[in-house]
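Below is one structure, written out as structure tokens; comments come after it.
The values are calculated or read from the model by the stated rules, or taken from the named source; none is laboratory data. Note that the structure is predicted; figures quoted are calculated from it, not measured. Positions of Cβ are backbone-derived with ideal geometry, glycine not excepted, and every protein chain shown enters the neighbour counts.
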Amino acid sequence: ASTLGAAAAQSGRYFGTAISSSRLGDSNYTTIANREFNMVTAENEMKIDATEPNQGQFNFNNADRIYNWAVQNGKQVRGHTLAWHSQQPGWMQSLSGSALRQAMINHINGVMAHYKGKIPYWDVVNEAFDDSNGGRRDSNLQRTGNDWIEVAFRTARAADPAAKLCYNDYNIDNWTWAKTQGVYNMVKDFKSRGVPIDCVGLQGHFNSGSAYNSNYRTTLQSFAALGVDVAITELDVEGASSTTYANIVNDCLAVARCVGITVWGVRDSDSWRSSQTPLLFDGNGNKKAAYTSVLNAL
Ligand code: XIL
């Protein structure tokens, strides 16, 4: 195969990218994105502040621009994200308690109704765990009660029964980390109690030298063994080491339930951390060594 999407499809997987609506008029960008990828995540446009800027008033203009571009070009869309402590609109930041809990439920219902039956995977809850101790992150949502995550998942299941519902986070790559174990134990608990959860997204924002570890495959396998799909959802690697990229691809391919990989942007110049040149295409849209490494590994 000569593109990332076609190469991933050889094993029944997808290869995706984050797309920014502000770049859909850049033909260098859209040419690469259309050619190489068969899954799309809106980089910001489906987040809470974008889709419900005023309480109860939904706005899907930019989200739909991305959704329509993807579908018109034969791609699927991962939904990102319904409940998160970050990129909340001001009105939500100022809520607490039962009012915030109900606002979260209403938000999930409003966004999922708009895309009902159209989005195969939703990141229902994003980044809910603390970075160091394996417990929950302190946030306004967490302060509504420890059951907020399962309420979000149950709400999402009822809103769109066809969507696979994912928990998504970063720094859950290394099997030995407390945060990884905290998320693992939550998923295990949800499965044992029948709380609807179908997938775990590992964001994959790796720093050079440190974060990628050979036990990554163990982490993917361990989550999958709980009976959920796993996906690498926001991959970027500081410095774009070809070896690291190939190792990550090989780890996904080694796990039957690793359904696909999404990189967090097209060209280095599109990246949220562009100074680290973490992506597969340079600022001019040329394929980097890491691109070839990924294509060959797929
Ligand atoms: C980032 C976007 O790339 C930026 O454009 C935005 O300013 C902040 O959010 N984890 C996530 C993503 O789940 O939504 C974040 O995306 C990166 C970290």
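Quick look at the numbers
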item: Filter result for residue 256 (in a loop (DSSP other than H, G, I, E, B), modelled with pLDDT of 95 or more, over 21 Å from residue 182 (Cβ atoms) and out of contact with any Pro (no Cβ under 7 Å at 6 or more places or on another chain)); result: yes
item: Total residues in the stretch 7-25, condition surrounded by fewer than 16 Cβ atoms within 10 Å (Cβ to Cβ) and touching a helix residue (DSSP H, G or I) at 6+ places or on another chain (Cβ under 9 Å); result: 2
item: The listed residue being away from the ligand (no atom under 16 Å from the Cβ), outside any helix (DSSP H, G or I) and either without any contact (Cβ under 8 Å) to a residue 60 or more places away in the chain or of a type in the set (A, V, I, L, M, F, W, C) (or both), out of 7, 1; result: 1
item: Residue 34 surrounded by fewer than 22 Cβ atoms within 10 Å (Cβ to Cβ), polar (S, T, N, Q) and over 19 Å from residue 287 (Cα atoms); result: no
item: Odd one out for residue 285 among (1) free of Cβ contacts under 8 Å to residues at least 60 places away in the same chain; (2) on the phi > 0 side of the Ramachandran plot; result: (1)
item: Residue among 253, 279 that is in contact (Cβ under 8 Å) with a residue 12 or more places away in the chain, more than 16 Å from the ligand (Cβ to nearest atom) and either hydrophobic (A, V, I, L, M, F, W, C) or crowded, with 23+ Cβ neighbours inside 10 Å (or both); result: 253
item: Odd one out for residue 66 among (1) aliphatic (A, V, I, L, M); (2) more than 14 Å from the ligand (Cβ to nearest atom); (3) crowded, with 16+ Cβ neighbours inside 10 Å; result: (2)
item: Neighbours by Cβ (under 9 Å, 6+ apart or cross-chain): first from the stretch 230-243, touching a residue at least 24 places away in the same chain (Cβ under 8 Å) and in a helix (DSSP H, G or I); second among the basic types (Lys, Arg) and away from the ligand (no atom under 16 Å from the Cβ); result: 240/288; 242/288
item: Subset tally (residues that are part of a loop (DSSP other than H, G, I, E, B) and either surrounded by fewer than 19 Cβ atoms within 10 Å (Cβ to Cβ) or within 16 Å of the ligand (Cβ to nearest atom) (or both)) for the stretch 199-218; result: 10
item: Any chance residue 121 is crowded, with 23+ Cβ neighbours inside 10 Å and of a type outside the set (Gly, Ala, Ser); result: yes
item: Filter result for the condition that a residue is under 19 Å from the mean Cα position of the chain (by Cα), at positive phi and at pLDDT 95 or above, over 201, 227; result: 227
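To keep it simple, each residue is scored yes or no on (1) surrounded by fewer than 19 Cβ atoms within 10 Å (Cβ to Cβ); (2) hydrophobic (A, V, I, L, M, F, W, C); (3) touching a Gly at 6+ places or on another chain (Cβ under 9 Å).
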residue	(1), (2), (3)
110	yes, no, yes
117	yes, no, no
136	yes, no, yes
142	yes, no, no
149	no, yes, no
160	no, no, yes
168	no, no, yes
173	no, no, yes
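Okay, residues lined up against (1) within 18 Å of the chain's Cα centre (by Cα); (2) over 21 Å from residue 134 (Cβ atoms); (3) of a type in the set (Ser, Thr, Tyr):
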{"position": "236", "(1), (2), (3)": "yes, yes, no"}
{"position": "240", "(1), (2), (3)": "no, yes, no"}
{"position": "264", "(1), (2), (3)": "yes, yes, no"}
{"position": "271", "(1), (2), (3)": "yes, yes, yes"}
{"position": "277", "(1), (2), (3)": "no, yes, yes"}
